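Engineer: What follows is a single structure, and I will ask about it in a moment.
The values are calculated or read from the model by the stated rules, or taken from the named source; none is laboratory data. Note that the coordinates shown come from a computational prediction; the quantities given were computed from them, not determined experimentally. For neighbour counting, all protein chains shown are included, and Cβ atoms are generated from backbone atoms with ideal geometry for every residue, glycine included.
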Amino acid sequence: MENIKYFNINNPGERVPLRSAVLKSNAGIQGLYMPDHIPVLPSRFFRNLEGMSLQKIAFEVSRAMLGGDIPDRALEKITGKAMNFEIPLRQLDEKLFVLELFHGPTLAFKDAGARFMAALFEYLLEKDSKKITILVATSGDTGSAVANAFLNRKGINVVILYPSGRVSAIQEKMLTTMGENITALEVIGDFDDCQRLVKESFNDKELNSELNITSANSINFARLLPQTFYYFYAISQMKKLNIQTAISVPSGNFGNLTAGVLSWKMGLNVDHFIASCNLNHAVVDYLNSGKYEPLPSRQTITNAMDVGNPSNFPRLLSLFNDDHEKFTSLIKGYWFTDKETIEAMRELQEKYGYQSDPHGAVAYLGLKTFKEKNNINGIFLETAHPVKFQSDVELASGRKVEVPESFKNLLQSEMRSVKIKADYQVLKNFLLDSLR
Ligand SMILES: *Cc1c(COP(=O)(O)O)cnc(C)c1O
């Protein structure tokens, strides 16, 4: 097995082993790691791809990347534990498909990345007697996916910081009802305050030596790799594997699309990826003009995509060696207004009987625009369960959202959180008192 090293895009010249790349991704200079070369899966794998299970795909793909670091039996365990929910591909029309990524425990696609990272961390820390503390600042979805994934993991404490009064009722329920090794801190401030507190903790040597602070933010490579699995799985569910296909990805921080391009580099047969965006469209502008100009983020109904300066964009550039022509020959991009998104949710319901969340609807719009000139098979990614955006969805589709069983239990659980001032000393004292 090849032994792959990871280089830091933010600090060229720094090359580290897997362990440092994923466990210390936020220490010192912000780590934005990528593998120093990308393995191509063997043709045997692609011959057998049709009908292959998600867990088998996850194992084979991670073996190609991590096989030099982790033995097969352990990898099998990690991928089996992580990818234990359905990711069905549904056909809406002759050449129109939707990949449902929201069947994980917290009902958004972030479960795939968070669950794999949790299982990988557990393996990497197994022989370590030291405990680690994961700090996550969240504006909503990420915190619950990470907390749920690390629930009851040995030797790992998770502390979530969320802005008081700025997450939805549903999101707060998810963040505060887990208990066990998960602590929810309700910060009197906004998301930027939460992020600032987390960054200050990373830079605090005393706190680090006591608690071994680690991040679980979306730029961690351990969250990127598992997002490639479902691109392979989507294609494996197409009836004919060698037909032309485009995949449309609703994009914010661009982790999902980066994983798509990574799977293509590993040999997956996809003709085009479509970057589907909302009013935050710096990357779409780059595609059109060759110039990248990050903008302040703007609020929309697809709030998980409200990112003005996507942190994974440098990764995408590096995958194309900064070559705009290569970039644009694989990736097309479009952006849409809230009004168009609402109209798309209505259209999906009326034309195909499909109730989509707003993020999936943006992906549908990108695909539809692309298909006007390209009559090929198209898959759009549905990244969240409609219940997470219940009122917008019900208004647009004219139908009630079916509430999943797991969600009904959640609504009855007790919420527990600790309210703190947005003050670093307060946070530090709390962490040392409760976790040391
Ligand atoms: C995070 C998120 C996105 C954006 O994904 P990126 O990888 O950040 O581009 C899209 N939809 C939903 C529901 C999300 O939670």
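Engineer: I'm trying to understand the selection: among the residues of the stretch 179-211, which are farther than 19 Å from Ala145 by Cα, among the acidic types (Asp, Glu) and touching a helix residue (DSSP H, G or I) at 6+ places or on another chain (Cβ under 9 Å)?
Structural biologist: Glu200, Asp204, Glu206, Glu210
Engineer: Name the residues in the stretch 379-396 that are within 22 Å of Pro88 (Cα to Cα) and either more than 16 Å from the ligand (Cβ to nearest atom) or assigned to a strand (DSSP E or B) (or both), would you? Working first, answer last.
Structural biologist: From the stretch 379-396, those within 22 Å of Pro88 (Cα to Cα) are 379-390, 393; that's our starting set.
Result: Ile379, Phe380, Leu381, Glu382, Ala384.
Engineer: Sticking with this structure for a sec: Which ones in the stretch 88-104 are away from the ligand (no atom under 14 Å from the Cβ) and not basic (Lys, Arg)?
Structural biologist: Pro88, Leu89, Gln91, Leu92, Asp93, Glu94, Leu96, Phe97
Engineer: Any residue at all in the stretch 410-419 that's hydrophobic (A, V, I, L, M, F, W, C), crowded, with 18+ Cβ neighbours inside 10 Å, in contact with a Leu (Cβ under 6 Å, 6 or more places away or on another chain) and touching a residue at least 60 places away in the same chain (Cβ under 8 Å)?
Structural biologist: Checked the stretch 410-419: no residue is hydrophobic (A, V, I, L, M, F, W, C), crowded, with 18+ Cβ neighbours inside 10 Å, in contact with a Leu (Cβ under 6 Å, 6 or more places away or on another chain) and touching a residue at least 60 places away in the same chain (Cβ under 8 Å).
Engineer: May I ask you to list the residues in the stretch 77-106 that are of a type in the set (Lys, Arg) and not in a loop (DSSP other than H, G, I, E, B)? Give the steps one after another, and end with the answer.
Structural biologist: Step one: list which residues in the stretch 77-106 are of a type in the set (Lys, Arg), which gives 77, 81, 90, 95.
Matches in the stretch 77-106: Lys77, Lys81, Arg90.
Conditions tested, residue by residue: (1) closer than 30 Å to Ile379 by Cα; (2) of a type outside the set (A, V, I, L, M, F, W, C); (3) touching a strand residue (DSSP E or B) at 6+ places or on another chain (Cβ under 9 Å).
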| site | (1), (2), (3) |
| --- | --- |
| Ser168 | yes, yes, no |
| Asp193 | no, yes, yes |
| Glu206 | no, yes, no |
| Ser218 | yes, yes, no |
| Pro250 | yes, yes, yes |
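Engineer: Would you call Glu402 under 29 Å from Leu135 (Cα atoms), more than 12 Å from the ligand (Cβ to nearest atom) and assigned to a loop (DSSP other than H, G, I, E, B)?
Structural biologist: Working: under 29 Å from Leu135 (Cα atoms): no; more than 12 Å from the ligand (Cβ to nearest atom): yes; assigned to a loop (DSSP other than H, G, I, E, B): yes.
Considered against the rule, which asks whether it is under 29 Å from Leu135 (Cα atoms), more than 12 Å from the ligand (Cβ to nearest atom) and assigned to a loop (DSSP other than H, G, I, E, B), Glu402 comes out as no.
Engineer: Filter the stretch 145-170 for residues that are over 29 Å from Asp128 (Cβ atoms) and surrounded by fewer than 21 Cβ atoms within 10 Å (Cβ to Cβ) and give the result.
Structural biologist: Within the stretch 145-170, Ser164, Gly165, Arg166, Ser168, Ala169, Ile170 qualify.
Engineer: What about Ala108, is it within 16 Å of Pro226 (Cα to Cα), of a type outside the set (Phe, Trp, Tyr), within 15 Å of the ligand (Cβ to nearest atom) and touching a Gly at 6+ places or on another chain (Cβ under 8 Å)?
Structural biologist: no
Engineer: Just checking, does the stretch 112-132 include any residue being within 13 Å of the ligand (Cβ to nearest atom), among the small types (Gly, Ala, Ser) and either outside any helix (DSSP H, G or I) or surrounded by fewer than 19 Cβ atoms within 10 Å (Cβ to Cβ) (or both)?
Structural biologist: Scanning the stretch 112-132 turns up no residue that is within 13 Å of the ligand (Cβ to nearest atom), among the small types (Gly, Ala, Ser) and either outside any helix (DSSP H, G or I) or surrounded by fewer than 19 Cβ atoms within 10 Å (Cβ to Cβ) (or both).
Engineer: Next question, about the same structure. List every residue pair whose Cβ atoms lie under 7 Å apart, where the two residues are 6 or more positions apart in sequence or sit on different chains, the first residue falls within the stretch 133-145 and is within 10 Å of the ligand (Cβ to nearest atom), and the second residue, located anywhere, is small (Gly, Ala, Ser) and not in a helix (DSSP H, G or I).
Structural biologist: Every condition considered, the pairs that remain are Gly140/Ser168; Asp141/Ala108; Thr142/Ser218; Ala145/Ala108.
Engineer: Among the residues of the stretch 248-269 satisfying the criterion of being part of a loop (DSSP other than H, G, I, E, B), at pLDDT 95 or above and more than 6 Å from the ligand (Cβ to nearest atom), which is surrounded by the most Cβ atoms within 10 Å (Cβ to Cβ)?
Structural biologist: Within the stretch 248-269, the match that is surrounded by the most Cβ atoms within 10 Å (Cβ to Cβ) is Leu268.
Engineer: Search the stretch 304-328 for residues that are touching a residue at least 40 places away in the same chain (Cβ under 8 Å) and within 12 Å of the ligand (Cβ to nearest atom) and pair each with any residue that is of a type in the set (D, E, K, R) and part of a helix (DSSP H, G or I) when their beta-carbon atoms are under 7 Å apart and the residues are at least 6 apart or on different chains.
Structural biologist: Within 7 Å, the pairs are Ala304/Asp141.
Engineer: Could you tell me which of the residues Ile160, Ile156, Ile134 is of a type in the set (Val, Ile, Thr) and in contact with a Gly (Cβ under 9 Å, 6 or more places away or on another chain)?
Structural biologist: Values: Ile156 fails: in contact with a Gly (Cβ under 9 Å, 6 or more places away or on another chain); Ile134 fails: in contact with a Gly (Cβ under 9 Å, 6 or more places away or on another chain).
Answer to the selection: Ile160.
Engineer: Could you check, for the stretch 203-213, whether at least one of its residues is part of a helix (DSSP H, G or I), crowded, with 18+ Cβ neighbours inside 10 Å and not aromatic (Phe, Trp, Tyr)?
Structural biologist: Yes, the stretch 203-213 has at least one match.
Engineer: Follow-up question, since we're still on this one. Of the conditions (1) more than 22 Å from Glu372 (Cα to Cα); (2) in contact with a strand residue (DSSP E or B) (Cβ under 7 Å, 6 or more places away or on another chain), Asn312 fails just one. Which one is it?
Structural biologist: (2)
Each row is one residue, and each column tells you yes or no for (1) of a type in the set (Lys, Arg); (2) within 30 Å of Lys388 (Cα to Cα); (3) surrounded by fewer than 17 Cβ atoms within 10 Å (Cβ to Cβ).
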residue	(1), (2), (3)
Val22	no, yes, no
Asn48	no, no, yes
Glu60	no, no, no
Gly67	no, no, no
Lys77	yes, no, yes
Asn84	no, yes, yes
Ile87	no, yes, no
Arg90	yes, yes, yes
Gly104	no, yes, no
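Residue-wise test of (1) within 19 Å of Leu367 (Cα to Cα); (2) charged (D, E, K, R); (3) surrounded by 15 or more Cβ atoms within 10 Å (Cβ to Cβ).
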| site | (1), (2), (3) |
| --- | --- |
| Pro296 | no, no, no |
| Thr300 | no, no, yes |
| Asn303 | no, no, yes |
| Val307 | no, no, yes |
| Asn312 | no, no, yes |
| Arg315 | no, yes, yes |
| Glu325 | no, yes, no |
| Thr328 | yes, no, yes |
| Lys332 | yes, yes, yes |
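Engineer: Any residue in the stretch 231-242 that is within 16 Å of the ligand (Cβ to nearest atom), touching a residue at least 24 places away in the same chain (Cβ under 8 Å) and not small (Gly, Ala, Ser)?
Structural biologist: yes
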